[in-house]
Each structure stands twice: as C-alpha cells, then as structure tokens.
C-alpha cells in the first residue's frame, strides 16, 4: 500500500488475492501507511475491512521506525563528494 489511493476496483482485486491465499498460502505485504488508513487508500472501507480481517488473522506485524533506509548512505556519499572536491 503506497502513498496514493488505489485505482478504482483495485480493492476488489486485492480482496480476491487475499481470499484465494487465505489459510492456504503465505502472504507478505509491506506498506508505508498505517493500517488505520487502508480504508481510505483502498477507497472502499468495507472491502478494506474484509481484506484486513483475513490478512491480519494469522499475521505477524513488524513495525519499523526511524530514518528511511534509502538515506542510510547519504552522509557517506556527501563526505565522498566533499573529499573529491578538496
């Protein structure tokens, strides 16, 4: 689940995927949005509720906080540029 609302009918498709995998297959999902916002992102609160009901039934939720992993080398890269210009 990303930053923007999903396109129309995407909630239905996601529900279908979760239903087919529910209690049959492992499913991993990542999101940078809290679970409380998924209804808004899916654009259909009842569909989001049904998705989350099944998805979270056997879930292990891992919440990661802190700085973006993409920025982890930024200070190192800046120092390398500074050293090259000296």
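Since every read-out is calculated from the coordinates, none of them should be taken as a lab result. Every value quoted in this text rests on a predicted model; they were computed, and no experiment measured them. Don't worry about glycine lacking a Cβ; one is built from the backbone with ideal geometry, like all the others, and counts go over all protein chains shown.
Miscellaneous remarks
- Label-point separation in nm, residue 26 to residue 65, each point 7 Å along Cα→Cβ: 2.8 nm
- The order of 16, 23, going from fewest to most other C-beta atoms within 10 Å of their C-beta, is 23, 16.
- Measuring spread by the Cα atoms of region 10-85 yields a radius of gyration and Dmax of 18.6, 58 Å.
- Ranking of 65, 30, 49 by count of other Cβ atoms within 10 Å, fewest first: 65, 30, 49
- Stretch gain in nm, segment residue 56-residue 73, where the contour uses 0.36 nm per residue and the Cα spacing is subtracted: 2.7 nm
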